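Right, I'll just put the structure down here and ask away after.
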Amino acid sequence: MSKPKLKWSNKDDDPDFDAALKYLSLLASDTSAEALVRSLRGARPVEHAAKDLLRAAQLPLLPRDETHVDADLKRIEKGKPLPPVLLVRGEMASGLPLVIADGYHRICAVCYFDESAPVACRIVGLGE
């Protein structure tokens, strides 16, 4: 049996943006978090390798049997599309890593599927 093809949704999933807002509100003021999420909604999807996203975010690969990672792996195996991950660009000069506002579990699931596979992302910078 051949490996399933990784599929990405091109529709906006409001729950993902809501989750991103809740997470970013822990790191920045509500005003800043809301501005970042507005920018994420308007950002064009781009692709980056799953392993590069984890490295840039300086986050570990979650265990394969973690509930959300496992659920996303099952979605991949069934050929169901995943929503793009939502990212805030890091800043190398000041040592700020990439922030995964929503989609950490999806990135980890893709790493188990194929660590070099492209992940659909929406990414914005702090000053954008």
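Sort 68, 105 from largest to smallest accessible area, using a 1.4 Å probe on the heavy atoms of the protein chains.
Ranking 68, 105 by accessible area, largest first, yields 68, 105.
Something else now. Based on the Cα coordinates of the range 30-128, what is the per residue volume of their convex hull in Å³?
Working: hull volume 10.1 nm³, N = 99.
Normalising the Cα hull of the range 30-128 by residue number yields 102 Å³.
Where does each of 47, 66 land when they are ordered by accessible area, with a 1.4 Å probe and the largest first? Working shown, then result.
Details: 47 115, 66 50 Å².
Order by accessible area, largest first: 47, 66.
Within a Cβ distance under 13 Å of residue 72, other residues only, what is the Lys/Arg minus Asp/Glu net charge? Intermediate results must be reported in sequence, preceding the final value.
Values: positive: 7, 64, 74, 75, 78, 80, 106; negative: 16, 65, 66, 70, 77, 102.
Result for the neighbourhood of residue 72: +1.
Something else: Out of the total accessible area of the chain (probe 1.4 Å, heavy atoms of protein only), what percent is carbon and sulfur?
Values: 4000 of 7530 Å².
Ligands and nucleic acids excluded, carbon and sulfur give 53 percent.
Under 11 Å from the Cβ of residue 51, count the other residues' Cβ atoms, weight Lys and Arg +1, Asp and Glu -1, and hand me the total.
Every neighbour counted, the sum reads -2.
Using 0.36 nm per residue, how much length does the chain from residue 5 to residue 64 gain when fully extended, once their Cα-Cα distance is taken away?
Values: separation 59, 0.36 × 59 = 21.24 nm, distance 1.90 nm.
Taking residue 5 through residue 64 to full extension adds about 19.3 nm, to one decimal.
Just round it to a whole percent: the fraction of Cα-Cα distances in the range 59-105 exceeding 14 Å.
61
The values are calculated or read from the model by the stated rules, or taken from the named source; none is laboratory data. Please read these numbers as outputs of a predicted model, since none were measured by experiment. A quick note on method: Cβ atoms are made from the backbone with ideal geometry, for glycine too, and the neighbour counts reach across all protein chains shown. Only protein heavy atoms, including side chains, enter the accessible area calculation; ligands, DNA and RNA are left aside. Shrake-Rupley method; radii C 1.70, N 1.55, O 1.52, S 1.80 Å.
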